[in-house]
Each structure stands twice: as structure tokens, then as C-alpha cells.
Amino acid sequence: MRQNEARLKEARQIATPGDWELEISNGTLHGSAQFYRIFALDPGPADPPLSALLTRVHAEDRERVTERLAAACHEDDPWRDEFRLKRDDGTVRFIHAEGQVERSDSGLRLVAFAQDVTATVEAQRQLAASEAKYRNLMESASDAILLTDSSGHLLEANARAVALFGYSEEELLGMHASALHAPEDRANVAHAFAEMASKGRTVIEHIMLTRDGHRLAVEASGSQVRIGDELFYVGLFRDISERKRREQELREREHKYRTLMESLPQAVALKDRNAIYLSCNLNFAALLGLAPEEVVGRSVEQLHPAHLAQQYRQGDREVLQRATTLVAEQEFAARDGTRVMQVVSAPYRNDAGELVGVLTVLWDVTAHKWAEEALHSSEFHLAEAEYIAHLGSWEYDIESGGIRWSDGLYRIFGLDPSRFHPTVEGVLELVPLLSRQHLKEILQRALADSGEIQLNQWITHTDGTTRVLHLRGSLVRDEEGRPRRLLGIAQDITERDLIERELRQYRDNLERLVEERTEELNAANRELEAFSYSVSHDLRGPLRAINGFSQALVEDCGERLDDLGRDYLERIARASRHMSELIDGLLVLSRVIRRELTIGEVNLSEIAEEIARRLQSGEEGRPVTFRIQPNLTARADGNMARLLMENLLGNAWKFTAGRDPAVIEFGRTQHQGRDYFCVRDNGVGFDMRFVDKLFQPFQRLHAADRFEGTGIGLATVRRIIQRHGGEVWAEGEVEQFAAIHFSLSAQSEGTRATAE
Amino acid sequence: MQNTAILLVEDDKNDEELILRALRACEFMGETKVARDGQEAIDHLFSTESPPNLIILDLKLPKLGGLEVLQALRLENKTRLIPVVVFTSSIEQTDVLASYDLGVNSYVRKPVDYKEFNESIRLLVKYWVELNVPMPEERHHMTCH
């Protein structure tokens with residue numbers, strides 16, 4: 001503070017003019033204290049000479065000051081000068097001095113004063129510098145600058161404003177600022193002025209007009225300036241049309257990019273160099289179950305499991321390092337499970353061409369992958385199957401003549417797939433020389449018309465063994481029916497062939513054996529026939545004689561025999577008759593065995609009725625009731641069916657002798673869901689313990705003296721049924737009933753019966 | 001029934017005796033001639049001036065069999081209309097069919113039972129000799145068995 005006061009005091013002291021006089025005659029100076037102070041001279045005992053003053057003047061100004069002083073003394077003109085003093089301390093002061101030559105008694109003298117005007121000069125100089133700076137600033141500004149008075153009239157405009165608005169400076173000055181604003185934007189401008197008035201400054205974007213009517217988008221910053229009592233407005237206007245256009249372009253580009261991204265069926269994401277997502281499409285976000293804005297700004301580590309994030313980061317690094325697009329298959333932990341993605345990663349550059357990120361396009365190939373795996377798997381299975389079956393497949397492309405073999409086929413030949421490449425000639429060389437022509441012909445025939453190949457071919461395996469190959473192939477035609485390819489398989493059937501040969505041998509042997517056996521059998525049959533013939537012919541002759549002559553004996557010599565003798569003869573006759581029946585029974589049985597069946601529709605009910613009538617007429621008066629279900633039919637040999645029914649009903653008749661009333665039934669029964677015929681009687685029945693003996697020849701369950709019979713009847717029945725493919729079984733109870741159930745074919749005969 | 005004759009072609013002595021007994025039993029009064037084999041029967045029939053009213057023919061015969069005899073008779077004008085009854089032990093279907101094929105008038109199996117035997121002969125004689133009326137239905141009746 002004190003310093004300031006001192007400086008102020010000094011300034012005041014210095015600014016005060018100092019009076020002085022110059023005695024022109026002797027060149028001495030008389031001055032006030034202030035004069036001495038200004039010129040930093042010593043007010044010594046004697047007056048100082050002019051030269052002392054002049055030495056204080058700045059060397060550059062000294063000559064001029066000397067001349068002007070001399071001129072003023074001689075010309076009698078007023079003297080006025082401004083010059084610099086150089087103080088001992090090196091500082092320079094600006095001095096304003098004026099004087100007038102006066103004449104007096106004591107001679108001529110210059111009366112003058114001097115004033116230190118350093119402060120003023122400095123101030124002026126500073127003002128000029130400031131003015132220059134302002135000008136410079138105005139003119140070099142990249143923005144247009146306008147200055148208006150409080151009413152809006154333009155006071156100043158810089159060069160940029162001239163260039164921007166297209167008016168000359170002269171035209172601009174005096175114009176009202178509103179002329180530069182687009183009419184539609186005036187409200188905006190008024191608002192800006194209001195804001196400047198209230199807040200002192202404003203920044204707006206608005207539209208201005210150029211001299212030739214073009215509209216300019218500008219960013220304007222304005223401020224209110226008060227100088228003294230006057231208000232001014234200063235505005236800086238920056239042309240932002242280009243920026244606007246760029247912004248619009250950018251928006252459009254962004255829109256296009258966005259549209260493209262969103263319309264892609266794939267998931268798309270953009271990451272920066274640090275694997276942080278910059279943007280992504282909905283598909284990508286949806287995979288993670290997020291919205292795109294939830295993805296953006298997050299790193300791969302934040303969005304994916306650690307092991308995958310590491311993998312992605314590694315992939316990005318590679319893309320950025322090599323600056324190339326990479327395609328890979330990657331796992332992706334989607335919200336709904338792990339998926340397999342086909343991923344294209346491309347380096348992403350900014351406008352300057354710098355690598356700033358990685359653009360990835362992902363599409364879900366999980367299903368495809370599965371299909372691929374399934375295909376691999378089925379190919380594997382096929383190869384396995386080929387291996388197991390000694391099978392191979394081949395393909396012959398007709399146009400190119402190329403041949404393709406499966407691995408199985410190489411294996412069959414013992415060839416190395418990496419060394420042997422099948423060609424027609426090459427393949428032909430693998431078959432014996434003698435077969436080649438034949439094979440060629442078969443090929444040509446297949447190509448020409450048949451379209452099919454099937455043959456067995458000898459080949460030589462690389463291990464030297466001879467193999468048998470079974471070849472099959474067929475022609476594949478295109479849509480126009482032209483032959484394109486022959487597709488086929490080849491199977492090593494060496495082992496099978498061997499087995500087949502052996503089998504053939506066995507079969508031949510067997511056939512020979514069968515032939516021999518058949519011949520033997522035929523011979524046996526012939527013998528049997530001869531035997532049957534002789535039984536029927538030759539055995540019966542003697543029986544007839546025995547029977548006949550025993551009776552003849554009774555007739556002729558009966559009176560000479562006693563009762564015992566006659567009884568014996570009677571027994572002889574009876575025995576021979578029985579033997580005759582046995583022989584007949586055996587003959588019938590053998591015929592049932594040998595004779596061929598003539599199958600037709602047979603009405604068993606009718607046959608039964610007929611037999612019943614005959615039985616009843618043969619033994620009238622017996623109280624027997626037949627209950628025969630009508631129209632039961634079967635497919636059978638008519639004669640045998642009759643024989644069957646005769647045996648069954650005959651048995652029933654026989655074993656119901658003495659029953660009153662006797663009931664004999666023929667009908668249908670069911671057993672285990674199947675239908676059977678049944679002959680049932682309420683006769684003596686039989687003991688089920690001996691049921692097995694029932695159908696054996698010569699097995700009788702009853703004493704011969706009680707019931708006549710040969711014991712062959714049921715054996716014949718069973719044989720007839722067997723020959724028809726049917727079944728028979730018996731059930732019975734002693735003295736209660738006997739029932740024979742039977743069918744005449746494997747089919748259900750009873751069902752046929754009900755159907756008819 | 002004078003002036004009637006039967007030719008019995010039978011090699012079996014027992015059967016011959018039983019047949020002759022049966023003929024006697026049914027009071028056949030005509031002549032009965034016996035041939036012991038087929039050849040003898042043919043020779044006699046082709047040479048005789050008085051052909052029999054009935055030939056009772058066994059099938060199993062020495063030299064020429066009964067069927068051969070039958071065939072020869074039916075090919076020869078002189079003998080082809082003489083009634084022939086096959087009287088045999090066989091009921092082989094082949095024998096029955098072959099006999100009728102060759103034009104036998106009747107095929108009767110020799111019963112073992114004495115009474116039936118006699119009855120068979122009685123009916124044959126009654127039918128073929130005494131009534132001497134051919135009955136075409138006879139053939140049908142026989143084939144059915």
C-alpha cells in the first residue's frame with residue numbers, strides 16, 4: 001500500500017510540468033525544482049548549460065531536439081517537441097516540451113516547460129497494441145463476428161462474416177441484424193436477445209440467410225457488452241451446415257447399419273479392442289436373453305462363461321493382430337443352453353482406417369452340427385457294417401470315367417486308399433486275365449440297356465489269396481433319363497462261397513441219400529402192397545377153408561359129433577371169422593395210411609344220419625336215440641370221413657349195448673377256444689387212466705367176450721384225423737360216458753360248421 | 001334148370017369144394033365145369049361148342065391171371081357176351097376197377113363166413129343163371145363199395 005502511495009506520489013510529481021528558461025546568449029538554463037526532477041539534473045550552485053540537458057536526451061532524438069531548439073531561437077517560432085530521455089538507470093521517459101522565445105532587457109531567452117508524459121505515451125501505445133490485437137483477432141477468427149448497437153444495427157463485421165454472409169463490409173455496416181436471420185427463425189433470435197439481455201450471453205443454433213438467399217445452419221454465441229452507458233451486442237457465428245450434414249449422414253449411416261444389423265437373421269455384435277461390446281443386434285442380445293442396451297458397454301467376461309470369454313478374447317486378438325477375417329466354430333452359452341455357432345470375426349476400422357474393434361457375425365449351426373454328427377455317425381456305422389460284412393461300395397461316373405471306392409472295397413482288395421486310385425483299367429487288372437473281357441461286356445451291357453450288374457468274380461487279394469467277390473450294381477439316371485453313374489456294392493463272399501460249396505455238397509449227398517431212402521421206402525411200400533394183397537387174398541383163403549369146412553363138417557357129420565365136438569367146430573368158425581375181421585381192419589388201416597386224400601366239402605351230419613339208420617336197421621328194436629346236429633361240414637376226404645364216422649358211431653353203438661335208453665350224439669364242442677366235433681355216448685365208457693391205450697392198434701379196454709371188436713377202429717380213426725392235420729382226444733368215465741373229440745384240419749372245423 | 005352150365009375157374013381146391021357145395025346147396029341142376037388155371041379156361045371156352053351160361057372167375061390164377069382171361073374173353077366174339085362173375089378174396093380197389101374196366105358183369109368178394117359164402121353163390125346163380133336177366137344197375141352198385 002505504501003509502495004503504491006509512493007508510486008502514485010511519484011507519478012503525480014512527475015506528471016506535473018516543470019518550467020524552465022534558456023538564456024540564448026550564454027546557453028544557460030534556469031529551471032524550477034520540478035524541471036530538475038524531470039530531467040534528473042542537479043540544481044547545483046551555478047545554472048547548468050544546455051548541453052547538460054541535451055546529454056540527457058535519448059541519443060536517437062538528440063540531434064532532432066538540438067535542431068528544433070536552434071530553429072526556435074532563430075526563427076522566433078514556438079517550440080514544441082516530444083523526445084525521450086534516457087535516465088542513468090537505463091529507463092526511458094517520454095517528455096513533452098513547449099517554449100517561446102521572449103525578448104527582454106537582458107536579451108533573448110526561451111521560456112519553456114517540460115512535462116513527463118511517459119504514462120500517456122505508454123497508455124497510447126498499449127491502446128494501439130490492443131486495437132491491433134482486436135483487429136487481428138477479428139480478422140483471423142474462423143467464426144463470423146458481428147457487433148451491433150443496442151438497436152441491432154451492425155457496427156462491425158469481420159472478414160469471415162463478409163465471406164459467410166456474402167455481403168461486403170460496407171453493405172453489412174448499417175444493416176439491421178434481423179436481415180441476416182431466416183424469417184422462420186426470428187422467434188428463436190428474439191429469444192436469444194432476451195436471454196442476452198437477462199443473462200448477458202446465449203448460445204443457440206439457428207438458420208441464417210446469405211446475401212443470395214441460401215440458408216445457413218449456424219451455431220451462434222452472443223453476449224451483451226456495456227461500454228459506458230451504451231449497450232452493444234457481439235455475436236459469433238459458426239457455420240455448422242457441414243456439421244449438420246455430417247450429423248445427418250451419420251444418423252442415416254447409423255440407421256442403415258442398424259437396419260442391416262437387425263434384418264440379418266444372424267446375431268451380430270461389435271466389440272472394441274478390449275473385447276467390450278460397442279453394439280449388437282437384437283438377435284445377439286436375445287441369445288443371451290438380454291436387450292441390446294444391456295449388452296453394450298459390457299465385456300466378454302461379464303457376459304459369457306469364463307472359458308468361452310477367454311476363447312473369444314483370444315479370437316479377437318488374432319483378428320486384430322492379423323487384421324484379417326476369421327471363420328470358426330465356437331460354443332456359445334445361450335440363455336436356453338449351449339449352442340454351436342459358426343462365427344465370422346472381421347476387423348473393424350474407423351474412418352481413419354484404424355483397427356478399432358472386431359465385428360462378429362454368428363449363426364446357430366447346432367441343428368446342422370447334430371445333423372453333421374448324425375451323418376458322421378451313420379457313415380461310421382456304414383463303414384463298420386462294411387467291415388463286418390466284408391462289404392464295399394463303388395461308384396462309376398460315366399461322364400468322367402472316374403471310380404470311387406469306399407474304404408471297405410479297398411479292404412477287400414487289400415489296397416491302400418492313399419496309393420491306389422481306381423480307374424477302369426486299374427480295376428480290370430485286379431481280376432484274372434480271362435475274366436476281364438467278360439467283366440467288360442457285363443459293364444457295357446449294364447450301360448447299354450440292362451442297367452443292372454450282378455455277378456460273382458474271382459479276384460486276387462494283395463496277400464496272394466484268391467477271393468470271390470459278389471458284385472451288384474445298378475444304373476443311376478438323371479432327370480432326362482440319361483445314364484449318369486453306376487452305383488454298386490461288392491462283397492467278399494469267399495467264406496460264404498466256401499460254405500455254400502460245402503452246403504451244396506452236403507445237399508447233393510443228402511439228396512442222394514434221400515433218393516436212396518425213397519427208393520428203399522418205395523420198395524418197402526411195394527412190399528407192403530404185395531403183403532396187403534397176399535393178406536387179403538392168401539390169408540383169407542385158408543380162413544375160408546377153416547370156417548367153411550368146420551361148418552361143412554357140422555352139416556355133413558353133425559349127427560356123429562357130440563355137443564362138445566360141435567361146440568369146438570363152432571369156435572373154430574368164430575375164430576376164423578374174427579381173424580378175417582382183423583385182417584380186414586388191418587387192410588383198412590394200411591389203406592388209410594397209404595391212400596392219397598381227395599379233399600372236398602363233406603357233410604358229416606348227413607354221413608352220421610346214414611350210418612345211424614344203417615346201424616338201427618341192422619339191429620332193430622334196440623332203444624338207441626341218435627342226436628345229430630345237422631349240417632356240420634368239414635373239408636376232408638369223403639371216403640375217409642365216412643370210415644371215420646363209421647368207426648366212431650359203430651363204437652358208440654357197440655358200447656351202448658344194453659343201455660336203455662342209449663343216447664348217441666354227434667355235435668360240436670369247444671375246447672381252449674377252438675371248435676371240435678364230438679361223438680358221445682352214454683355207454684360203458686372207459687377209465688381215463690387207460691386213455692393212452694385207446695388209440696393204439698389191437699389195444700382193447702374191454703374183454704373180447706363182452707364186446708366184439710378188432711381193436712383197430714380207433715387206431716384207424718386217429719390215423720385218418722392225423723392225415724387230415726386234425727386233432728383227436730377222448731374223455732370218458734366208466735359206466736357213464738365216452739366222448740371222442742376231433743377236428744379234421746388245423747383250422748377250426750366247428751366255425752365252418754356254424755357258418756353254414 | 002337143365003341144360004345150363006357154369007364154368008368155374010378156380011385153382012384153390014378148398015374154394016372149389018366150397019363153391020361146389022354151395023352150388024349143390026342152392027340146388028343148381030346144370031353142368032359145372034372146372035378150369036384150374038386161366039389158360040385151361042381160355043382153351044376150353046374158345047374150343048367148346050356149348051359155352052356156359054356163367055363163368056365164375058378167380059383172379060389169382062396160375063399161368064394166365066383172371067384179368068387176362070377176362071380181357072381175352074371180351075375180345076373174342078364167341079365169348080364176349082358170356083356173363084362173368086369175379087369171385088375172389090381181393091377187395092383191392094385196383095382189382096375191382098380193372099375187372100369192371102374189362103367188362104366183368106359182377107365182382108363178388110369171397111366171404112370167409114360159410115353161411116355168407118353159400119348165400120353169395122346162391123344169389124349169383126339165381127341172378128345170372130336162373131333169371132338170366134342182365135341188370136345194368138348191378139355194376140353201379142358194386143363200384144360204390
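The values are calculated or read from the model by the stated rules, or taken from the named source; none is laboratory data. Fair warning: this is a prediction, and the values are worked out from it, not measured in the lab. Neighbour counts are summed over all protein chains in view; Cβ atoms, including those assigned to glycine, are modelled from backbone coordinates with ideal geometry. Accessible surface is based on the protein model in full, side chains and every heavy atom, while ligands, DNA and RNA are left aside. Shrake-Rupley method; radii C 1.70, N 1.55, O 1.52, S 1.80 Å.
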Checklist line | Positions from segment B:20-54 whose accessible area shrinks by 30 Å² or more when the full protein complex is built, not the chain alone, probe 1.4 Å | finding: B:Arg21
Margin query: Between A:Arg622 and A:Gln722, what's the calculated FRET efficiency when r is the beta-carbon distance and R0 is 22 Å? Round to 0.05.
Written below: 0.10
Checklist line | A:Tyr134 paired with A:Leu382, simple spin-label distance in nm, labels 7 Å along Cα-to-beta-carbon | finding: 9.4 nm
Item checked: Heavy-atom accessible area per residue - the protein assembly as shown, 1.4 Å, Å² -> 56 Å²
Checklist line | List of segment A:531-550 residues, accessible area with partners at least 20 Å² below that of the chain alone (1.4 Å probe) | finding: A:Tyr533, A:Ser536, A:His537, A:Asp538, A:Arg540, A:Arg544, A:Ala545, A:Asn547, A:Gly548, A:Phe549
Check: Taking a threshold of 20 Å on the Cα-Cα distance, which of the pairs B:Lys63/B:Lys126; B:Lys78/B:Lys126; B:Lys78/B:Lys110; A:Lys271/A:Lys369; B:Lys63/B:Lys110; B:Lys33/B:Lys126 fall above it?
Finding: B:Lys63/B:Lys126; B:Lys78/B:Lys126; B:Lys78/B:Lys110; A:Lys271/A:Lys369; B:Lys63/B:Lys110
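Show that you can apply the helix-only estimate: for chain A, add -39,500 (n - 2.57) for every DSSP H stretch of four or more residues, divide by all residues, and state [θ] at 222 nm to the nearest 500.
That comes out to -14500 deg cm²/dmol.
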Notebook entry, point to check: Among the lysines, which fall within straight-line cross-link reach of A:Lys693, defined as a Cα-Cα distance under 23 Å, with same-chain neighbours fewer than 8 residues apart omitted?
Noted result: A:Lys654
Next item on the list: With a Förster radius of 51 Å, plug the Cβ-Cβ distance of A:Glu63 and A:Ala163 into 1/(1 + (r/R0)^6) and report the FRET value to the nearest 0.05.
Entry: 0.55
Next item on the list: Specify whether the C-alpha gyration tensor of segment A:245-364 places it in the rounded, prolate or oblate class, a ≥ b ≥ c being the square roots of the eigenvalues: rounded for a/c under 1.5, otherwise prolate if a/b is larger than b/c and oblate if not.
Entry: oblate
Item checked: Computed FRET value (nearest 0.05) for A:Thr366 with A:Leu264, which takes r as the C-beta separation and R₀ as 25 Å -> 0.85
Margin query: Need one word for segment A:371-492: rounded, prolate or oblate. Basis is the Cα gyration tensor (sqrt eigenvalues a ≥ b ≥ c); a/c below 1.5 gives rounded, then a/b vs b/c decides.
Written below: oblate
Check: Quick one: which bits of segment B:63-99 get at least 50 Å² less accessible when the partner protein chains are in, versus the chain alone, with a 1.4 Å probe?
Finding: B:Ser89, B:Glu92
Check: What shape does chain B have by the C-alpha gyration tensor, where a ≥ b ≥ c are the square roots of the eigenvalues, rounded means a/c under 1.5, and otherwise prolate means a/b greater than b/c and oblate the rest?
Finding: rounded
Notebook entry, point to check: For the protein assembly as shown, which whole percent of the accessible surface, found with a 1.4 angstrom probe, sits on carbon and sulfur atoms?
Noted result: 52 percent
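Taking a probe of 1.4 Å and counting only protein heavy atoms, give the total accessible area buried between chains A and B in Å², rounded to the nearest 100.
2000 Å²
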Item checked: Cα-projected label distance for A:Arg482 with A:Ile593, points at 7 Å along beta-carbon direction, nm -> 7.5 nm
Item checked: Heavy-atom accessible area order for A:Leu326, A:Leu648, largest first, 1.4 Å probe -> A:Leu326, A:Leu648
